[in-house]
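Notes follow the structure.
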Amino acid sequence: MLKNERWLVGLHILSAFFALFWGALMGPFQTFHRSPAFVAAFPNSTIPIFSYYYQALTAHGVLNALFFTTMFITGISYYVAWRSFDRPLVGIPLAWVAYVLELVGLIAIFVVLLNDPQRSAVLFTFYPPLVAPPLFYIGLVLLVVGSWLGLLVVFLTYSAWRKENKTARIPLAPFGVMANYIMYFLASLGVAVEVLVLLLPASLGLIQNTDPQLSRALFWFFGHPVVYFWLIPAYVSWYTMLPMQSGAKRVFSEPLAKVAFLMLMIFSVPTGIHHMFADPGISSTWKAIHTVFTLMVAVPSFMTAFNIGATLEIAGRNRGGKGLFGWMFTQKWSDPVVAAQLMGMLQFITGGITGLINASAQINTVVHNTSWVPAHFHQTVGGAVALTYIGILYWILPMIRGRALYSKKMALAQVYTWGFGMTMFGHTLGEAGLAGVPRRTLSGLSPYLSEAATYWLNANAISGVILLVSVILLYANIVLTLFASKEPVTEGGYTVTKGDPTTPAILERWGLWIGVAVFLAFLVWTIPFIDAINLTEGFQILRYSPAGPAPLK
Ligand code: HAS
């Protein structure tokens with residue numbers, strides 16, 4: 001078992017979905033408690049398990065956005081390296097150590113959130129002056145160190161493959177995985193410094209001061225690239241697995257896909273200040289420079305839209321689609337693996353457009369810190385990314401378990417309720433934001449809500465009901481596939497193991513592109529970091545009590 005890649009991949013993916021279960025369960029209950037109609041009808045109801053609102057919100061963000069994604073990405077990256085390089089993984093013991101670290105990190109987060117709900121309710125961005133108990137940061141450190149070891153296993157496997165294939169082009173899927181990991185490693189240095197130098201020592205009582213502005217800058221050095229860390233594995237699936245699953249066979253242009261991966265790798269880190277447009281101490285020049293890079297990193301997503309659109313058009317026409325739009329209707333809408341990814345793409349159209357809206361500094365002042373922002377990111381990470389990961393799960397779980405998916409119909413119902421529910425969630429919460437509803441607020445009890453805000457928050461709770469149904473369908477199918485499915489599956493899986501030989505060799509010169517990525521990150525972050533330190537005269541701004549805030553009444 002310990003030498004078996006199948007177990008390694010399977011346990012990562014199942015643990016990721018275990019984390020998602022608790023996080024995703026909190027979501028619908030938050031929509032209920034933000035709805036004035038629900039609160040009026042059920043004044044004494046509480047959120048189950050994580051009953052304090054900010055504890056539930058922290059569980060939702062940390063488990064979904066940090067643990068679900070990272071554990072899933074580690075597992076799927078192993079799968080891609082193992083199957084595409086067509087050789088055993090190098091460093092399997094290391095990969096198990098990585099798994100244990102990530103799992104212990106996950107358990108630590110559960111323990112601290114359940115035992116110390118008020119102090120650990122620092123949300124997934126964990127900005128000071130909130131300071132959580134040490135176990136919270138230790139859980140995060142274990143997750144990040146585990147993911148670094150996972151990265152090492154992928155690169156060791158690549159290096160062994162390269163020795164055996166000196167002149168071959170890298171297959172597209174591991175190319176995307178490697179670009180993703182390089183970008184992630186660079187970005188995660190920011191959060192590592194923030195946690196190890198500023199937050200964990202403060203939490204342990206070793207230092208008495210901390211610096212919110214420097215922390216925020218370090219967090220967003222990591223925080224924006226990390227959204228592309230979640231997105232790239234979905235792109236890997238759209239570029240390399242979906243063409244097979246949809247009947248197009250290959251992606252329309254592999255070299256263009258490699259350019260898109262490289263652009264994501266290079267332009268993700270020199271962004272981030274677009275999350276801090278409203279912050280003091282950063283000059284408008286640096287805000288403008290980061291806006292340029294924010295728009296640059298959207299370009300590979302536009303390229304992806306064209307490349308995947310053309311690939312799907314080929315698939316649709318192969319299946320008899322005629323005319324300008326006929327190919328859209330002849331997609332495999334009744335196959336949950338394909339439908340999940342297509343629904344994810346449709347969500348990403350609005351998710352992407354709302355991102356571009358956020359990136360404009362003037363408009364950002366209208367939407368920043370309103371519920372518009374969670375509307376945006378539920379279309380991207382809750383829509384495009386999560387739905388694609390679910391599509392991958394429906395594809396990979398039968399292969400890993402050796403049994404067919406328990407119910408295709410249940411899976412289809414799950415995909416469409418998720419797609420419809422999340423679209424409605426995004427629309428209603430976005431409208432509520434425009435009507436002035438702040439994000440991260442238990443607004444169901446607020447006395448100041450306008451009529452429009454009340455209407456949209458009540459509608460948002462209906463999307464919560466639809467999403468709750470979807471979560472139940474998803475987990476019922478997972479459990480039944482694991483324990484009740486009888487129909488055996490002979491492994492099909494991933495077959496594209498050769499890179500397109502026409503791809504220009506320069507695209508695979510990692511040293512060059514890593515150099516460009518590091519140079520750009522250095523160029524656009526150095527002065528904002530210096531300014532952040534100067535703003536507070538070096539860790540002087542804030543005194544806080546390691547005992548945490550006074551208990552809530
Ligand atoms: Fe974002 C805030 C800007 C993409 C996630 N974003 C967030 C937060 C999260 C997040 C979690 O500029 C909140 C953080 C917090 O807690 O404060 N975002 C952008 C921009 C993009 C973008 C410009 N975001 C993402 C992705 C995410 C994500 C991806 C997760 C995975 N975002 C912002 C800004 C803020 C922000 C500001 C700060 C707001 C504030 O004030 O706090 C772009 O990269 C988006 C580019 C995407 C596109 C869409 C391409 C469409 C495709 C689909 C093609 C469809 C086909 C259909 C082919 C241009 C690829 C085929 C046909 C069929 C038949 C189906």
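The values are calculated or read from the model by the stated rules, or taken from the named source; none is laboratory data. All of these numbers come straight from a predicted model, not from anything done at the bench. Heads up, the Cβs are rebuilt from the backbone with ideal geometry, glycines too, and the neighbour counts pull from every protein chain shown. Please note that ligands, DNA and RNA were not included when accessible areas were found on the heavy atoms of the full protein model with its side chains. Shrake-Rupley method; radii C 1.70, N 1.55, O 1.52, S 1.80 Å.
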Self-check item: Hits in the stretch 349-371 - residues which are surrounded by 24 or more Cβ atoms within 10 Å (Cβ to Cβ) and within 8 Å of the ligand (Cβ to nearest atom)
Solution: Gly351
Practice problem: Specify which of the listed residues (Asn165, Asn180, Asn115) is in contact with a Pro (Cβ under 9 Å, 6 or more places away or on another chain) and free of Cβ contacts under 8 Å to residues at least 12 places away in the same chain. | Solution: Asn115
Exercise. Find the residue count for the stretch 206-228, including only residues that are open to solvent by less than 30 Å² (accessible area, probe 1.4 Å), among the aliphatic types (A, V, I, L, M) and more than 13 Å from Ile530 (Cα to Cα).
Key: 1
Self-check item: Residues that are more than 8 Å from the ligand (Cβ to nearest atom) and surrounded by fewer than 24 Cβ atoms within 10 Å (Cβ to Cβ), drawn from the stretch 338-348
Solution: Val338, Ala339
Quiz item: Any idea which residue in the stretch 435-449 is nearest to the chain's Cα centre (by Cα), counting only those that are more than 16 Å from the ligand (Cβ to nearest atom) and open to solvent by 50 Å² or more (accessible area, probe 1.4 Å)?
Solution: Leu442
Exercise. Report, by residue number, each residue of the stretch 272-308 that is aromatic (Phe, Trp, Tyr) and under 30 Å from Ser246 (Cβ atoms).
Key: Phe302, Phe306
Quiz item: Does the stretch 125-137 include one or more residues that are buried (at least 22 other Cβ atoms within 10 Å of the Cβ) and part of a helix (DSSP H, G or I)?
Solution: yes
Self-check item: Per-region count, the stretch 287-321, residues outside any loop (DSSP other than H, G, I, E, B), more than 9 Å from the ligand (Cβ to nearest atom), in contact (Cβ under 8 Å) with a residue 60 or more places away in the chain and open to solvent by 40 Å² or more (accessible area, probe 1.4 Å)
Solution: 4
Quiz item: Quick one: which of Ala248, Ala278 is small (Gly, Ala, Ser), within 11 Å of the ligand (Cβ to nearest atom) and either in contact (Cβ under 8 Å) with a residue 40 or more places away in the chain or assigned to a loop (DSSP other than H, G, I, E, B) (or both)?
Solution: Ala278
Exercise. Examine the stretch 197-216 for a residue that is within 12 Å of the ligand (Cβ to nearest atom) and in a helix (DSSP H, G or I), and state whether such a residue exists.
Key: yes
Practice problem: Pick out the one residue from Thr58, Thr31, Thr46 that is touching a helix residue (DSSP H, G or I) at 6+ places or on another chain (Cβ under 9 Å), within 16 Å of the ligand (Cβ to nearest atom), closer than 20 Å to Leu445 by Cα and β-branched (Val, Ile, Thr). | Solution: Thr58
Exercise. Please list, ordered by first then second residue, the pairs with beta carbon atoms under 9 Å, 6 or more apart or interchain, first in the stretch 322-341 and over 17 Å from Pro243 (Cβ atoms), second small (Gly, Ala, Ser) and surrounded by fewer than 13 Cβ atoms within 10 Å (Cβ to Cβ).
Key: Gly326/Gly320
Exercise. Tell me, please, whether a residue that is within 16 Å of the ligand (Cβ to nearest atom) and either more than 28 Å from His224 (Cα to Cα) or open to solvent by 50 Å² or more (accessible area, probe 1.4 Å) (or both) can be found in the stretch 418-433.
Key: yes
Quiz item: When the residues of the stretch 159-196 are filtered to those that are assigned to a helix (DSSP H, G or I) and of a type in the set (S, T, N, Q), which remaining residue is most open to solvent (accessible area, probe 1.4 Å)?
Solution: Ser159
Practice problem: Using the structure shown, decide if Gly150 is at positive phi and either of a type in the set (Gly, Ala, Ser) or free of Cβ contacts under 8 Å to residues at least 24 places away in the same chain (or both). | Solution: no
Practice problem: Spot the failing condition for Tyr137; the list is (1) under 18 Å from Leu196 (Cβ atoms); (2) in contact with a Gly (Cβ under 9 Å, 6 or more places away or on another chain), and only one is missed. | Solution: (2)
